[in-house]
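The values are calculated or read from the model by the stated rules, or taken from the named source; none is laboratory data. Predicted model, so just to flag it, every value in this text is computed and none were measured. Because the Cβ atoms are built from the backbone with ideal geometry, glycine has one as well, and the counts that use them run over all protein chains shown. Each accessible area value is taken on the protein alone, full model and side chains, heavy atoms only, with ligands, DNA and RNA left out. Shrake-Rupley method; radii C 1.70, N 1.55, O 1.52, S 1.80 Å.
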Amino acid sequence: MKIEEAIAWIHSRLPFGSRPGLDRVESLLEVVGHPERKVKTIHIAGTNGKGSTVTYLRCLLEEAGLTVGTFTSPYIESFNERISINGQGIPDQDLIGLVNKYQPLVEQLDRFEAVSGITEFETLTAMAFDYFLNKEVDVAIIEVGLGGLLDSTNVAVPMLTGITTIGLDHTDILGETIEEIAAQKAGIIKQGIPVVTGNIEKRALEVIKKQAKLRNAPLFAYDDAYHVEYKHPAESWGEQFTFSNDHGKMTRLTTSMIGQHQVENAGIAIELYQIYCLKEKIPFREKEIIKGLKRAHWPGRMEKLSNEPLVVLDGAHNAHAVKRLVQNLKKEFKEYHINVLFSALRTKNVESMIEQLKKVPNIHIYLTTFEHPKAIELSNVSDLVDDKVSIVSLWQFGLAEILEKMTDEDALVVTGSLYFISDVRNLLLQLGGNDEL
């Protein structure tokens, strides 16, 4: 079997869609001896900020000398990165080996109506636990796919859980109110297992607090158990901040990614890291935290791809994330005229996302589409066109046109769907790499 065939088989489970519930994945894990029960895990949920938090936490744990597995989605550079150890995607041969093992098992379970139709994500979840157990990782950080309570990753038996943010996204599945969505995210809280929360609005936090109390789970909340104080942008790229909790204060911390929300993501990661170290009797040192944060890199999250011209990619794929992007653009890009190349999935509130982007004074938005079964159709968003919004039928031509006319006073921000970001990123890297385009 070639790697293309292995990935094609995994993708062949995609038509079964997102089907909340744990019966199918638990049946599959039972067949392979429940690896999820034998791997130490940290489980991370949240509307936004999960990927960055996972990356910061991974780098902190690596600085402590640990072997760290990560299970994340979607991918930006290659499919294999979804299942990684110490930042290295699963090798092709290992992924092929897992497909050879799981293909007959999944097809066998398809014969039983109650557990038939195991999805792509459920298959990958089982494979990830299997791989991490086989490679004897010290700890695996597992990112929730959708929600929490009924997400297939909720089979994890975690040492710690984290909930980054709560916003209105996937309302068709998770619920239409902040409280309903918070209840889904809080579904990852386990009996007696500590939970760390990020900058979450009061209504949602109350739901989480109630669940934590019900489960006797110690709660470490943002601005209560730990504090982050944003200082100013770093000299090159990133943000400077202070972090404090009962263990002391660190005043010289710098993120590797820009945006005030990255300071908050780093804060959750530090709190999780210190709790993990205390549980595992591992010393934590400020110099290792400083190094870990600086080393953390997450493609497609306020990622600078080029200096001249300035090109930044940010997967602000829902209204909650776009709000944060707008704050960043207003604060950090005041001196630029900003060209935004934007596309999204039609399941998102595109109108709200565009209206928020238009609040940036020095902006022009190029609205486009891309190759994806759920990508927006331009005919459905043509009414959004005005003096700040244009339609671009082919994003590749739109990208070339924007780059051609850019001066030192211009910046290009590519944003929207992470799938779209991935496509644009690959083309830009082919054109000129992480250098001048």
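Numerical summary
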item	result
Cβ-placed point charges (K, R +1; D, E -1), dipole of segment 301-437 about Cα centre in debye, nearest 20	680 debye
Ratio Rg/Rh [Cα only; Rh per Kirkwood] for segment 62-130	1.05
V389 long-range amide H proximity, modeled H, under 5 Å	I365
Distance from segment 227-243 to segment 10-36 (C-alpha centre basis), Å	41 Å
Cα-based convex hull volume of segment 1-153 per residue, rounded to whole Å³	104 Å³
Shape parameters for segment 161-278, alpha-carbon atoms, Rg then Dmax in Å	15.1, 45
Accessible area of segment 152-271 divided out per residue, in Å², using a probe of 1.4 angstrom	42 Å²
Relative contact order computed over segment 115-202 (Cα-Cα under 8 Å; 6+ residues apart), in percent	29 percent
Assigned charges on the beta-carbon of Lys, Arg, Asp, Glu; segment 260-313 dipole about Cα centre (debye)	220 debye
All-pairs alpha carbon distance profile, segment 111-183, 5 Å steps from 0, percent	3, 13, 21, 20, 18, 14, 9, 3, 0
Net charge dipole size for segment 194-295 [Lys, Arg +1 and Asp, Glu -1 on Cβ; Debye, nearest 20]	320 debye
Whole-Hz couplings from phi, Karplus 6.51/-1.76/1.60, listed for segment 326-342; x for Gly and Pro	4, 4, 5, 5, 5, 7, 9, 10, 4, 7, 9, 8, 9, 9, 10, 9, 10
Ratio of Rg to Rh over segment 1-88 (Cα coordinates, Kirkwood Rh, two decimals)	0.98
Quotient of C-alpha Rg and 2.2 N^0.38 Å, computed over segment 251-388	1.28
Residues in segment 45-68 reached by a label modelled at M250 [backbone nitrogen below 17 Å; 7 Å Cα→Cβ]	52-66
Separation of alpha-carbon centers, segment 137-165 and segment 78-133, rounded to whole Å	17 Å
With all protein chains modelled, accessible area of Y419 [1.4 Å, Å²]	100 Å²
Cα-based reach from K287 at 16 Å (exclusive), listing aspartates and glutamates while leaving out same-chain residues under 8 positions away	E62, E63, E271
Packing-based order for 3-15, 247-259, using average beta carbon neighbours within 10 Å, highest first	247-259, 3-15
Residues with amide H under 5 Å from that of A140, placed H, sequence gap 5 or more	K40, T41, I42, G69
Cα radius of gyration and Dmax for segment 356-409 (Å)	12.3, 37
Rg(Cα)/(2.2 N^0.38 Å) for the chain, N = residue count	0.96
Percentage relative contact order, the chain, counting C-alpha pairs under 8 Å, at least six apart	16 percent
Residue-span extension gain [M1 to D408] - 0.36 nm each, minus C-alpha spacing	141.6 nm
Karplus-derived 3J(HN,Hα), 6.51/-1.76/1.60, for each residue of segment 190-204, Hz, glycine and proline x	10, 3, x, 9, x, 10, 10, 10, x, 6, 10, 5, 4, 4, 6
Kirkwood hydrodynamic radius (C-alpha pairs) into Stokes-Einstein, segment 78-220, 4 °C and 1.567 mPa s, D in µm²/s	77 µm²/s
Ranked packing of 323-331, 145-153, most packed first, by mean Cβ within 10 Å	145-153, 323-331
Label zone at N349, where the point sits 7 Å out along the Cα-to-Cβ direction: segment 131-154 residues whose backbone N lies under 20 Å	146-148
Straight-distance crosslink candidates among lysines, where the alpha carbon sits under 27 Å from K359 and sequence neighbours closer than 8 are dropped	K50, K202, K231, K304, K323, K330, K331, K334, K348, K374, K388, K405
For segment 329-437, the fraction of alpha-carbon pairs in successive 10 Å shells from zero, as %	14, 48, 33, 5
Normalised alpha carbon radius of gyration of segment 48-93 [divisor 2.2 N^0.38 Å]	1.12
Nearest-0.05 FRET efficiency for K281 and D383, computed from C-beta distance (R0 56 Å)	0.40
CD proxy at 222 nm, helix term only [per DSSP H run n ≥ 4: -39500 (n - 2.57); per residue of the chain; nearest 500]	-12000 deg cm²/dmol
Residue-normalised accessible area of segment 1-79, given per residue in Å² at a 1.4 Å probe	38 Å²
Formal net charge of residues neighbouring Q191 (Cβ-Cβ distance under 13 Å; K, R +1; D, E -1)	+3
Portion, in percent, of the accessible area of the chain that falls on carbon or sulfur, probe 1.4 Å	48 percent
Residues of type lysines that K291 reaches as a straight line, Cα spacing below 17 Å, ignoring anything fewer than 8 places off in the same chain	K249
